[in-house]
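Below: one structure, written as structure tokens.
The values are calculated or read from the model by the stated rules, or taken from the named source; none is laboratory data. Since the model is a prediction, treat every value here as computed from it, not as a measurement. Don't worry about glycine lacking a Cβ; one is built from the backbone with ideal geometry, like all the others, and counts go over all protein chains shown.
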Amino acid sequence: MPDSTPSIPQLNIGLFGLGTAGTGLVEVLPQSGLQNVAVKRICVKNPTKPRPVNREKITFEPSEILDDPHINVVVETINGVDEAFHIVQTALRRGKHVVTANKKMVAHRFSELLDLQAETGKTLLYESAACGAIPIVRTLEEHFGAEPLDGLSGIFNGTSNYILTRMLRENLDFDTALAQAQANGFAELDPSSDIDGDDAKYKLILLTAHSYGHIAHPEAVFNLGIRHIRSEDLNYAREQQKTIKLLPICRPLPEHRLALYVLPAFVEQQDVLYGVQEEFNGVKVQARYSGQQFFKGRGAGGHPTGSALLADLAALQQGYRYPYRKHRLNGLSRLDESLLLDVYCSFPTHADVARFPLRQAEKVWQNSRAFALKGQITLQDLQSAQVWIRENEVMVVSEAK
Ligand SMILES: NC(=O)c1ccc[n+]([C@@H]2O[C@H](COP(=O)([O-])OP(=O)(O)OC[C@H]3O[C@@H](n4cnc5c(N)ncnc54)[C@H](OP(=O)(O)O)[C@@H]3O)[C@@H](O)[C@H]2O)c1
């Protein structure tokens, strides 16, 4: 497949979704320098909602976009996997290019999306899906397309970062900090995907594909979030002059193996990620020759997401497509769960820790409600103990190296 397509003089867009992301695009587009781009039709679901656009553009019927031969680009900004994948698949097969913000859909259907691009010769871009406005997908693909990377991590989820920042700064408990995040529009009514690390995992999968070439399925990647964080855990972090952040990690191991996981971690003050506060995101790339590179910015919100969608449309207009350089080079890399992690874990008093495969366990603190141990555990053992960890409200924090 060639690394680019001919430039596209006129982009006629069919937009799916007019929530935070879709409205963001509609608002930034007229102010942008992008020429010859028009949103022709917008498909949404709920017929009774008021809309910030001319009603004539609105449709509830996907075929009015997918069957329209004049629409040559679909921008997909809906939630969920199956409906979104169906829209994207149909659009590509009908000869339309696609820009999507939907990390969950891309992470779950990545291999099929690669095949569809090869089969149709059409382009799929998703800069806004990984860390919103931070221009990281194309940076990894293009700028670091040749240089080997020795590590990738960061703060990929603004909701959990906002909660952790508030807990640490204002001594709030988790429920109060979450309620504040919801009141300020930084958390959904159902915040599970953000606080349990799923959202960060989807972004990690996207960025791993472009930095190491490996396409991982979400079920193969361990994630644990901050749902069970205790005030004592943050007090312990403070005593060590550290903080706790939810970190997605991609660590290359010898022989084309990769350790991929999402886990809270202690972060030292000298670490660039320590200064990523509130709802901000940060991406830390450890490049073999150029050293550490760090990107910080807004990971969500209408205009930041609209900005990344706009950047994809500009790239598309110039005939850009992802060459998937690292995937072509390292497509044979595989995940390895044998990595032994140094961890700190806190448990409620009633937890039967004999059932938890922590090696060389040492007590850190204990009170009437809870206690904490330090020790070592493999990713594989964490994965196997996942249900027990969740049922027993265990907080696991990795000692960052
Ligand atoms: N919010 C962000 O800051 C952000 C940042 C980066 C990426 N994203 C991604 O962007 C996507 C949308 O997020 P959002 O926050 O904008 O969601 P949202 O505010 O809930 O909006 C979702 C929109 O999709 C529409 N919709 C849902 N199912 C549909 C269907 N089957 N056909 C047509 N329209 C449908 C909804 O229609 P109604 O209006 O009729 O309900 C709504 O307009 C997600 O995949 C998300 O991960 C969001």
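Here are some notes:
- Failed item in (1) closer than 26 Å to ALA216 by Cβ; (2) within 16 Å of the chain's Cα centre (by Cα), with GLY301 passing the rest: (1)
- Pairing each residue of the range 361-386 that is more than 20 Å from LEU340 (Cβ to Cβ) with any residue that is of a type in the set (Lys, Arg), provided the two are 6+ apart or on different chains, yields C-beta distances under 7 Å for ALA370/ARG230; PHE371/LYS363.
- Meeting the requirement of 3 or more residues that are among the basic types (Lys, Arg) and within 14 Å of the ligand (Cβ to nearest atom), no helices (runs of 4 or more DSSP H) wholly within the range 53-109 can be named.
- Qualifying residues in the range 357-377 (those that are buried (at least 16 other Cβ atoms within 10 Å of the Cβ) and not aliphatic (A, V, I, L, M)) - the one farthest from TYR261 (Cα to Cα): PHE371
- Number of residues in the range 20-38 that are outside any helix (DSSP H, G or I) and within 12 Å of the ligand (Cβ to nearest atom) equals 0.
- Qualifying residue in the range 172-183 (condition: within 16 Å of the ligand (Cβ to nearest atom) and under 21 Å from the mean Cα position of the chain (by Cα)): yes
- Given (1) closer than 25 Å to LYS245 by Cβ; (2) aliphatic (A, V, I, L, M); (3) surrounded by fewer than 14 Cβ atoms within 10 Å (Cβ to Cβ), index of the condition ALA354 fails: (1)
- Some residue of the range 78-93 being buried (at least 21 other Cβ atoms within 10 Å of the Cβ), of a type in the set (Asp, Glu) and either closer than 21 Å to GLN318 by Cα or modelled with pLDDT of 95 or more (or both): no
- ALA311 vs. criteria at pLDDT 95 or above, within 16 Å of the ligand (Cβ to nearest atom) and either closer than 23 Å to PHE222 by Cα or not aromatic (Phe, Trp, Tyr) (or both): yes
- Of the residues screened, GLY319 is not one that is within 16 Å of the ligand (Cβ to nearest atom) and at positive phi.
- Residue within the range 225-244 that is buried (at least 19 other Cβ atoms within 10 Å of the Cβ) and within 16 Å of the ligand (Cβ to nearest atom) present: no
- Of TYR324, TYR344, all but one fail to be surrounded by 17 or more Cβ atoms within 10 Å (Cβ to Cβ), within 23 Å of the chain's Cα centre (by Cα) and in contact (Cβ under 8 Å) with a residue 24 or more places away in the chain; the exception is TYR324.
- Filtering the range 110-147 to residues that are more than 16 Å from the ligand (Cβ to nearest atom), farther than 21 Å from VAL74 by Cα and either in contact with a strand residue (DSSP E or B) (Cβ under 8 Å, 6 or more places away or on another chain) or in a helix (DSSP H, G or I) (or both) leaves THR139, LEU140, GLU141, GLU142, HIS143, PHE144, GLU147.
- Residue match in the range 43-54 (condition: crowded, with 19+ Cβ neighbours inside 10 Å and in contact with a Gly (Cβ under 9 Å, 6 or more places away or on another chain)): yes
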